[in-house]
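Working notes, structure below.
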Amino acid sequence: MIGYESDRSNIANYFYRQKDTNLNFPAHIHDSFEFIYCYAGETRLSVDGKEAVLRGGEATMLFPSVVHSYATDTFSETVLFVFSSSYIHSFYESYKYKTPLSPVFPFAAYEDAVRTLADPATDHYRIRSCLYLILSEFIKHTEFADCDVHARDLATKILAYVKENFTQEISLRELAKQLGYSYNYVSGSFKSIFHTNFLQLVNGYRIGLAQHLLENTSDTVIGISAACGYDSPQSFNRNFLSITGMTPTAYRAKQAAKRSGGL
């Protein structure tokens, strides 16, 4: 299943940092750009259905609304940044209808920029300058192809509709009707765009919201289940376990332990 990271928003000046040892994360999607630098070891990437390997001294730049995942077999040390397009507006406008043929590029010579981004004290102006340095190296080492504009626009419309309606009863047929497309067209395009089915995408959004509510509210699991659009707690628990690898109760306990310094 695909997880939707609802907190990885494309609101202006959103910026998130995360350091990892042995990066592993299941397939997910969000509205922002994502940059990862690998200090040592290697991590396998799956980006938009294509496989790649990120090794020490290399980086990857991922575009918004692309399904991606990571898996470390033995060892990796990485730092990850998720940021809104507002930081790199001119690049976004120039490349929003482009697809990088390879997301991995060398970046060991510019580790100072990575360290600057990793520092929570770095201001917005310095963040923006470092990101453009990264993008300069990215476009130097990466060839781009024109993406299917109609498919990209359809993907944007689908994600916007699902994001707005996933807590309600929702279907691909109703989505097609609301967007003004034939069901056959949307159904035929969906798999090639998202590399999953409609129900899995909806469940990703629902579980993404559930994670946020489990971490930031004291609502009951049953209440959260209903708030996320599930008719039964059993279905909610099953999908939560499938996407996160743990039950909602275990997830809440783990996040609470992290906040208290227990993990």
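For Ala227 and Lys177, FRET efficiency with R0 = 30 Å and r from the beta-carbon atoms, rounded to 0.05? For Lys177 and Ala227, the calculated efficiency is 0.70.
Phi-derived couplings, Karplus 6.51 cos²θ - 1.76 cosθ + 1.60 at θ = phi - 60°, listed residue by residue for the stretch 115-122: 5, 5, 5, 6, 7, x, 7, 5 Hz, with x used for Gly and Pro.
Taking all protein chains into account, the per residue accessible area for the chain stands at 49 Å² (1.4 Å probe). For the pair Met246 and Val53, a Förster radius of 35 Å applied to the C-beta separation gives a FRET efficiency near 0.80, rounded to the nearest 0.05. For the chain, modelled as a GNM whose springs connect Cα atoms under 10 angstrom apart, the maximal fluctuation among Tyr230, Tyr95, Tyr181 occurs at Tyr181. With all protein chains in place and a 1.4 Å probe, the accessible surface of the chain carries 51 percent carbon and sulfur. Counting only Cβ charges, +1 for Lys and Arg and -1 for Asp and Glu, the dipole size of the chain around its Cα centre is about 360 debye.
Residues Val114, Val104, Val149, ordered by accessible area of protein heavy atoms at a 1.4 angstrom probe radius and largest first, appear as Val149, Val104, Val114. Taken along the Cα-to-beta-carbon direction at a fixed 7 Å, the label points for Ser235 and His195 span 2.8 nm. Along its three principal directions, the equivalent ellipsoid of the stretch 1-150 from the Cα gyration tensor extends over semi-axes of 20, 19, 16 Å, largest first.
When only the Cβ of Lys, Arg, Asp and Glu is charged (+1, +1, -1, -1), the dipole of the stretch 167-234 relative to its Cα centre reaches about 320 debye.
Over the stretch 194-237, what is the mean sequence separation of C-alpha contacts under 8 Å (at least six apart), divided by residue count, expressed as relative contact order in percent? Answer for the stretch 194-237 is 27 percent.
Given +1 at the Cβ of Lys and Arg, -1 at the Cβ of Asp and Glu and no other charges, the dipole of the stretch 58-124 around its Cα centre is 340 debye to the nearest 20. For the chain, a Kirkwood radius taken over Cα pairs fed into Stokes-Einstein (10 °C, viscosity 1.306 mPa s) yields D = 81 µm²/s.
Just checking the listed ones, Asp48, Asp231, Asp31: in the Gaussian network model of the chain with Cα springs under 10 Å, the one fluctuating most is Asp231.
Distant-in-sequence amide contacts of Tyr39, defined by a placed amide H-H separation under 5 Å and a gap of 5 or more residues or a different chain, comprise Gly57, Glu77, Thr78, Val79. Positive-end ranking of Gln178, Tyr95, Gly188 along the dipole of the chain, with charges on Cβ about the Cα centre, is headed by Gln178. Annotation for Asn24 and Ala145: the two label points, set 7 Å from Cα along the Cα-Cβ direction, are 3.2 nm apart. Here the label points at Lys96 and Arg126, each 7 Å from Cα along the C-beta direction, are separated by 3.0 nm in the simple model.
Coupling constants for the stretch 54-59 follow from the phi torsions by the Karplus curve (6.51 cos²θ - 1.76 cosθ + 1.60, θ = phi - 60°), and in residue order they are 9, 10, x, x, 10, 9 Hz; glycine and proline get x. Figure note: Met61, Met246 ranked by solvent-accessible area, largest first, 1.4 Å probe, ligands and nucleic acids not counted: Met246, Met61.
The values are calculated or read from the model by the stated rules, or taken from the named source; none is laboratory data. These figures come from a predicted structure and were not determined experimentally. Cβ sites come from the backbone with ideal geometry, for glycine too, and all protein chains shown count toward neighbours. We work out accessible area using only protein heavy atoms, side chains counted, and drop any ligands, DNA or RNA first. Shrake-Rupley method; radii C 1.70, N 1.55, O 1.52, S 1.80 Å.
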